[in-house]
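Peer 1: This structure is in structure tokens; I'll ask about it shortly.
The values are calculated or read from the model by the stated rules, or taken from the named source; none is laboratory data. Owing to the predicted nature of the structure, the values given are computational and were not obtained by experimental measurement. Don't worry about glycine lacking a Cβ; one is built from the backbone with ideal geometry, like all the others, and counts go over all protein chains shown. Side chains included, ligands, DNA and RNA excluded: accessible areas come from the protein's heavy atoms. Shrake-Rupley method; radii C 1.70, N 1.55, O 1.52, S 1.80 Å.
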Amino acid sequence: MLELVVAGEGREQEKLTSMRARAAETGAEIQRSVAAILANVRARGYEAVEEYSVKFDGNPPREVSMEELEQAAKRIDGQLLAALQRSAQHIRVYQQELLSEVQMGLRMWDSPSGGQVGRIVRPLQRVGVYVPGGRAAYPSSVLMNVIPAKVAGVEEVVMVTPPTENLSDVVLAAAWVAGVDRCIAVGGAQAVAALTYGADFIPRVDKLVGPGNAFVAEAKRMAYGNLDIDMVAGPSEVLVIADATANPCHVAADLLSQAEHDPLASAVLLTDSMELAQEVQKEITRQLGYLSRSEIMEQSLRDFGCAIVCPDMETCAKLADQVAPEHMEIVTQNPRQVMELVHNAGAIFLGGNTPEPLGDYMAGPDHVLPTSGTARFFSPLSVDAFLKKTSVLEYGREDLERVKDEIITLAQSEHLTAHANSIQVRFEKGD
């Protein structure tokens, strides 16, 4: 049952605090294990990767050919393949639209005191995409991680996935649809280590994206700095802001769609209507009666879910900003007006016909989103994540002369005499 809380009585802050605390730091044992794996792979290379792969996944790493990906696409249900292709089309068009706003290549402009400054925008050269195996095999995540990198112009996208006895046909098909350049059957922290340092035929990458278990997430966290990562993702979450015009059946269904992910998932309703909150409670009970994974949903709602009744939409918006949710649905009479009141969310879904699963599978914007309150400062995965910017400066002698005294003054104030000298020697007599 979704707990009903009235704003202003203090209980709402307790519930919101428990949500933020659920993404606890990785256990010490996992940290020690992952640190040992990364250190071993860095020291011994592919030999260590192979040992861990056989130990944890039962098989050594291997290259998965493009022919295998294409054959997997032919084996899966035709309707499923068509859905993957349509989803890929929508993702690609959305990312291309984002890319059109970025001026690629070199752009220069005049500096106020003379000379020119600018920057070069280029794609990363090689990116790794981690795809979980087993029950957590999500082909939609393959599309969401690979396609933005390809649209950005990344030269080589390397997908890794655990070397299970029978690799998931739908995951391989998604890789084929998305256009990966290489697919390697290797998983776990050892895959992260191999992509971080390079190991035989497993190349070193510039950036690693994609979800994984606690060992993979910790390995990504530890590897950061040797390569870039997308984010260390926490449990999934949805926050729905709704008024009396919302359909309680639809709101309940949307809350449950996130609660089914994980016992740690969070589903919160903020509303100014007590009647709506009560009707949503009833609908949740009814729908739990026929949905699978009901035990997971019940635990998620019990521990990290609630319906908070607020005096007005402004209060709903303030509480929503505290949560900074991964997914925010605004189901009100004027959702765009309410959207202007909030600042923090990974993705915002406007209106009663824009449920969160639309974003998971088909609309186009990426479903790799900041969690656990990090939407206060992180952004969704997009082409931007696969671009790097390089500053460019070009001054002539006269341009440099106009600013030389200020540079020397600033350098001397920091006691960096060699910096000052670098400028002075250019204007000494006879130079």
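Peer 1: For segment 147-168, what are the residues that are out of contact with any strand residue (DSSP E or B) (no Cβ under 7 Å at 6 or more places or on another chain) and either under 24 Å from VAL93 (Cβ atoms) or part of a strand (DSSP E or B) (or both)?
Peer 2: Matches in segment 147-168: ILE147, PRO148, VAL151.
Peer 1: Please enumerate the residues belonging to segment 239-255 that are touching a helix residue (DSSP H, G or I) at 6+ places or on another chain (Cβ under 8 Å) and either under 15 Å from PRO380 (Cα atoms) or not β-branched (Val, Ile, Thr) (or both).
Peer 2: Of everything in segment 239-255, those that are touching a helix residue (DSSP H, G or I) at 6+ places or on another chain (Cβ under 8 Å) and either under 15 Å from PRO380 (Cα atoms) or not β-branched (Val, Ile, Thr) (or both) turn out to be LEU239, ALA242, ASP243, ALA244, ALA246, PRO248, CYS249, ALA252, ALA253, ASP254, LEU255.
Peer 1: Of the residues that sit in segment 154-167 and are open to solvent by 20 Å² or more (accessible area, probe 1.4 Å) and without any contact (Cβ under 8 Å) to a residue 60 or more places away in the chain, which one is nearest to GLY212 (Cα to Cα)?
Peer 2: That would be ASN166.
Peer 1: Output the residue which, of all residues in segment 322-348 that are of a type outside the set (A, V, I, L, M, F, W, C) and assigned to a helix (DSSP H, G or I), is surrounded by the most Cβ atoms within 10 Å (Cβ to Cβ).
Peer 2: Only one residue tops the list, namely PRO335.
Peer 1: Right, another one. When you scan segment 261-281, how many residues do you find that are open to solvent by 10 Å² or more (accessible area, probe 1.4 Å) and at pLDDT below 95?
Peer 2: So the count comes out to 4.
Peer 1: Confirm whether ARG204 is surrounded by fewer than 20 Cβ atoms within 10 Å (Cβ to Cβ) and either touching a Phe, Trp or Tyr at 6+ places or on another chain (Cβ under 7 Å) or closer than 20 Å to GLY346 by Cα (or both).
Peer 2: In short, yes.
Peer 1: Any chance you could count how many residues in segment 38-62 are within 12 Å of PHE201 (Cα to Cα), open to solvent by 50 Å² or more (accessible area, probe 1.4 Å) and either among the hydrophobic types (A, V, I, L, M, F, W, C) or without any contact (Cβ under 8 Å) to a residue 40 or more places away in the chain (or both)?
Peer 2: Counting residues in segment 38-62 that are within 12 Å of PHE201 (Cα to Cα), open to solvent by 50 Å² or more (accessible area, probe 1.4 Å) and either among the hydrophobic types (A, V, I, L, M, F, W, C) or without any contact (Cβ under 8 Å) to a residue 40 or more places away in the chain (or both) gives 2.
Peer 1: Any residue in segment 368-388 that is within 15 Å of ALA345 (Cβ to Cβ) and in contact (Cβ under 8 Å) with a residue 40 or more places away in the chain sitting within a Cβ distance under 8 Å of a residue that is open to solvent by less than 30 Å² (accessible area, probe 1.4 Å) and among the hydroxyl-bearing types (Ser, Thr, Tyr)? List the pairs, counting only those 6 or more apart or interchain.
Peer 2: As it stands, the answer is VAL368/SER141; THR371/SER236, since those pairs meet every condition given.
Table: residues versus (1) in contact with a Phe, Trp or Tyr (Cβ under 7 Å, 6 or more places away or on another chain); (2) at pLDDT below 95.
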| site | (1), (2) |
| --- | --- |
| MET1 | no, yes |
| LEU4 | no, yes |
| ARG11 | no, yes |
| SER18 | yes, yes |
| GLU25 | no, yes |
| ALA35 | no, no |
| ARG44 | no, no |
| SER53 | no, no |
| PHE56 | no, yes |
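Peer 1: Still on this structure, please answer the following. Got at least one residue in segment 196-216 being touching a Ser or Thr at 6+ places or on another chain (Cβ under 6 Å) and over 25 Å from ILE30 (Cα atoms)?
Peer 2: no
Peer 1: Related question: If you go through segment 401-414 one residue at a time, do you hit one that is part of a helix (DSSP H, G or I), open to solvent by less than 100 Å² (accessible area, probe 1.4 Å) and under 19 Å from GLY118 (Cα atoms)?
Peer 2: yes
Peer 1: Looking at segment 349-362 only, could you name the residues that are within 17 Å of VAL238 (Cα to Cα) and either surrounded by fewer than 20 Cβ atoms within 10 Å (Cβ to Cβ) or touching a residue at least 40 places away in the same chain (Cβ under 8 Å) (or both)?
Peer 2: LEU350, GLY351, GLY352, ASN353, THR354, PRO355, GLU356, PRO357, LEU358, ASP360, TYR361
Peer 1: Are any residues in segment 376-400 out of contact with any helix residue (DSSP H, G or I) (no Cβ under 9 Å at 6 or more places or on another chain), part of a helix (DSSP H, G or I) and loosely packed, with under 14 Cβ neighbours inside 10 Å, and if so, which ones? Give the derivation first.
Peer 2: Kept after step one, since they are out of contact with any helix residue (DSSP H, G or I) (no Cβ under 9 Å at 6 or more places or on another chain), are these residues of segment 376-400: 377-378, 380, 388-394, 396, 398-399.
Remaining after also requiring part of a helix (DSSP H, G or I): 398-399.
The answer is GLU398, and nothing else.
Peer 1: Inspect segment 276-287 for any residue being of a type in the set (Asp, Glu) and touching a residue at least 40 places away in the same chain (Cβ under 8 Å) and give the result as yes or no.
Peer 2: Scanning segment 276-287 turns up no residue that is of a type in the set (Asp, Glu) and touching a residue at least 40 places away in the same chain (Cβ under 8 Å).
Peer 1: Identify the residue in segment 169-198 that is out of contact with any Gly (no Cβ under 7 Å at 6 or more places or on another chain) and part of a loop (DSSP other than H, G, I, E, B) and, among all such residues, is nearest to PRO132 (Cα to Cα).
Peer 2: VAL186
Peer 1: Out of the residues in segment 88-115 meeting the condition of being open to solvent by 60 Å² or more (accessible area, probe 1.4 Å) and touching a residue at least 12 places away in the same chain (Cβ under 8 Å), tell me which one is nearest to SER53 (Cα to Cα).
Peer 2: ARG92
Peer 1: Also, quick follow-up: How many of the residues in segment 282-297 are surrounded by fewer than 18 Cβ atoms within 10 Å (Cβ to Cβ) and part of a helix (DSSP H, G or I)?
Peer 2: Going through segment 282-297 one residue at a time, the tally reaches 7.
Peer 1: Taking TYR224 as the residue in question, decide whether it is within 30 Å of THR161 (Cα to Cα) and free of Cβ contacts under 8 Å to residues at least 12 places away in the same chain.
Peer 2: Yes, satisfied.
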